[in-house]
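Novice: Take a look at the following structure, please.
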Amino acid sequence: MSHNSFGHLFRVTTWGESHGPALGCVVDGCPPRIPLTETDIQPWLDRRRPGQSKFTTQRQEPDAVRILSGVFEGLTTGTPIALHIDNVDQRSKDYGDIAEKFRPGHADLTYDLKYGIRDYRGGGRSSARETAARVAAGAVARKILGDVKIRGALVQLGPHRIDRDRWDWKAVAENPLFCPDPSAVEAWEAYLADIRKRGSSCGAVIEIVADGVPPGLGAPIYAKLDADLAGALMGINAVKGVEIGEGFAAAALTGEDNADEMHMRDGVVAFGTNHAGGILGGISTGQPVVARFAVKPTSSILTPRASVDRQGHEVEVSTKGRHDPCVGIRAVPVGEAMVACVLADHLLRHRAQNPDAPTQARIPRN
């Protein structure tokens, strides 16, 4: 199977399946002499790790990362960095009933049509388990980005949205749902408990904000920063939509409302608003980069659904096993990681082409 790599100068290749012995990634293009140890990576994996609350899958994986190459005496060497994560709590027998059946909403059918073979144990390569490797790669990307701060939050759970006037970044780390609105947590937990009790699932919307992104990242046509961000976020399992800045809401605005007015402040361009999400013409403005992505309800549910099997018979499918009632919850650190990888790649590209480019939005003087 090809197409397991993404990025250009900062390039990530992931490998492994949900119920295989291990999974991981190879990060190529990381500059040398950057401090890096397992302790720089593990905290990000711990945020994504399953089994930490009743609202996620109860699969118990420590997700302990090992650096196999590319680091010497605590510093990157400029050679490929191989990261390894063992799988220790597989229950493959839970999936025996779907070995010949296709789960509605899942990738079972398309995998079988494309390859003629699929690993039905937990979804194999299409499982959200694969995203642990992306989070590990994102930790390396963060080291390259330095002072750029990338944070994510769950802004909608099923039909329930946060009150943006109550946004508090500190609250995100204080509840199991990555919710930035403290007043919404209790209602969200009650809604999710009911969904879980019924053996069903729900979707979510995640927002990622990157502060401190320098201007100039991206390109006008085929390397637009927003296009690469959208592609990276769409590449996350179960994602069905991405928007930058105002996104689809911009269609309801007038030109006057949507335009981010500019002023000069201490020799630097200052924007009055950020409807563009920190990107204009595919190039970063120096404002916070803002992206949102929608995650569909988990396809593996207990509720029986009509489907077909590999022999062409109509069947009924009810998926057993341990599943997230809302896979969007653990998608928050995954989204952060993908944004980090894209920004690191574009930062390295920008430095290669424009080594003397300004780090702030200063107007060039002739």
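Novice: Just checking, which of Met262, Met234 is surrounded by fewer than 14 Cβ atoms within 10 Å (Cβ to Cβ) and either closer than 22 Å to Arg351 by Cβ or touching a residue at least 40 places away in the same chain (Cβ under 8 Å) (or both)?
Specialist: Result: Met234 is the single residue among Met262, Met234 that is surrounded by fewer than 14 Cβ atoms within 10 Å (Cβ to Cβ) and either closer than 22 Å to Arg351 by Cβ or touching a residue at least 40 places away in the same chain (Cβ under 8 Å) (or both).
Novice: Considering each residue of region 318-333, count those that are modelled with pLDDT of 90 or more, of a type outside the set (A, V, I, L, M) and part of a loop (DSSP other than H, G, I, E, B), and give that number.
Specialist: 3
Novice: Another one. Here are Ser183, Ser200: which of them is among the hydroxyl-bearing types (Ser, Thr, Tyr) and either touching a His at 6+ places or on another chain (Cβ under 8 Å) or open to solvent by 40 Å² or more (accessible area, probe 1.4 Å) (or both)?
Specialist: Details: Ser200 fails: either touching a His at 6+ places or on another chain (Cβ under 8 Å) or open to solvent by 40 Å² or more (accessible area, probe 1.4 Å) (or both).
Result: Ser183 is the single residue among Ser183, Ser200 that is among the hydroxyl-bearing types (Ser, Thr, Tyr) and either touching a His at 6+ places or on another chain (Cβ under 8 Å) or open to solvent by 40 Å² or more (accessible area, probe 1.4 Å) (or both).
Novice: What are the residues in region 1-21 that are open to solvent by 10 Å² or more (accessible area, probe 1.4 Å), more than 20 Å from the chain's Cα centre (by Cα) and of a type in the set (Gly, Ala, Ser), if any?
Specialist: Ser2, the sole residue that qualifies.
Novice: In region 265-280, what residues are within 28 Å of the chain's Cα centre (by Cα) and open to solvent by 60 Å² or more (accessible area, probe 1.4 Å)?
Specialist: Leu280
Novice: Quickly run through region 123-134 and pick out the residues that are open to solvent by 10 Å² or more (accessible area, probe 1.4 Å) and modelled with pLDDT of 90 or more.
Specialist: Of everything in region 123-134, those that are open to solvent by 10 Å² or more (accessible area, probe 1.4 Å) and modelled with pLDDT of 90 or more turn out to be Glu130, Arg134.
Novice: Conditions: (1) open to solvent by 40 Å² or more (accessible area, probe 1.4 Å); (2) in contact (Cβ under 8 Å) with a residue 40 or more places away in the chain. Tyr120 meets all but one. Number of the miss?
Specialist: (2)
Novice: A further question on this structure: Might you let me know whether region 299-317 holds any residue that is within 30 Å of Arg47 (Cα to Cα), within 22 Å of the chain's Cα centre (by Cα), modelled with pLDDT under 95 and open to solvent by 30 Å² or more (accessible area, probe 1.4 Å)?
Specialist: no
Novice: Looking only at region 135-166, which residues are open to solvent by less than 20 Å² (accessible area, probe 1.4 Å) and over 30 Å from Tyr191 (Cβ atoms)?
Specialist: Ala136, Ala137, Ala139, Val140, Ala141, Ile144, Leu145, listed by residue number.
Novice: Okay, moving on. Scan Asp165, Asp228, Asp194 and give me the residue that is free of Cβ contacts under 8 Å to residues at least 12 places away in the same chain and over 30 Å from Val317 (Cβ atoms). Walk me through it before giving the result.
Specialist: On the way: Asp228 fails: free of Cβ contacts under 8 Å to residues at least 12 places away in the same chain; Asp194 fails: over 30 Å from Val317 (Cβ atoms).
Answer to the check: Asp165.
Novice: In region 148-183, which residue that is more than 28 Å from Ser284 (Cβ to Cβ) and assigned to a strand (DSSP E or B) is nearest to the chain's Cα centre (by Cα)?
Specialist: Leu157
Novice: I'd like to know if region 206-213 contains one or more residues that are open to solvent by 30 Å² or more (accessible area, probe 1.4 Å), of a type in the set (A, V, I, L, M) and closer than 23 Å to Leu145 by Cβ. Don't jump to the end; show me each part of the working.
Specialist: Filtering region 206-213 down to residues open to solvent by 30 Å² or more (accessible area, probe 1.4 Å) leaves 211-212.
Subset that is of a type in the set (A, V, I, L, M): none.
No, the conditions are met nowhere in region 206-213.
Novice: Let me confirm something: among Ala306, Ala294, which residue is within 30 Å of Ile150 (Cα to Cα) and among the small types (Gly, Ala, Ser)?
Specialist: Ala294
Novice: With the structure loaded, tell me whether Thr303 is among the hydroxyl-bearing types (Ser, Thr, Tyr) and under 27 Å from Ala153 (Cα atoms) or whether it fails that test.
Specialist: No; evaluated as a whole, the condition is false for this residue.
Novice: Now for a separate question. Of the residues Gln90, Gln60, only one is at pLDDT below 95, open to solvent by 20 Å² or more (accessible area, probe 1.4 Å) and more than 26 Å from Tyr115 (Cβ to Cβ); which?
Specialist: Going through Gln90, Gln60 in turn, just one is at pLDDT below 95, open to solvent by 20 Å² or more (accessible area, probe 1.4 Å) and more than 26 Å from Tyr115 (Cβ to Cβ): Gln60.
Novice: Any chance region 65-74 includes a residue that's at pLDDT 95 or above, part of a helix (DSSP H, G or I) and open to solvent by 30 Å² or more (accessible area, probe 1.4 Å)?
Specialist: Initially, region 65-74 is screened for residues at pLDDT 95 or above, giving 65-74.
Going one step further and asking which of them are part of a helix (DSSP H, G or I), we end up with none.
Scanning region 65-74 turns up no residue that is at pLDDT 95 or above, part of a helix (DSSP H, G or I) and open to solvent by 30 Å² or more (accessible area, probe 1.4 Å).
Novice: Is it the case, given these coordinates, that Gly247 is touching a Gly at 6+ places or on another chain (Cβ under 8 Å) and at positive phi?
Specialist: When the stated conditions are applied, Gly247 passes them.
The values are calculated or read from the model by the stated rules, or taken from the named source; none is laboratory data. Everything numeric in this text was worked out from a predicted model, so none of it was measured. Every residue, glycine among them, receives a Cβ derived from its backbone with ideal geometry; neighbour counts consider all protein chains shown. Only protein heavy atoms, including side chains, enter the accessible area calculation; ligands, DNA and RNA are left aside. Shrake-Rupley method; radii C 1.70, N 1.55, O 1.52, S 1.80 Å.
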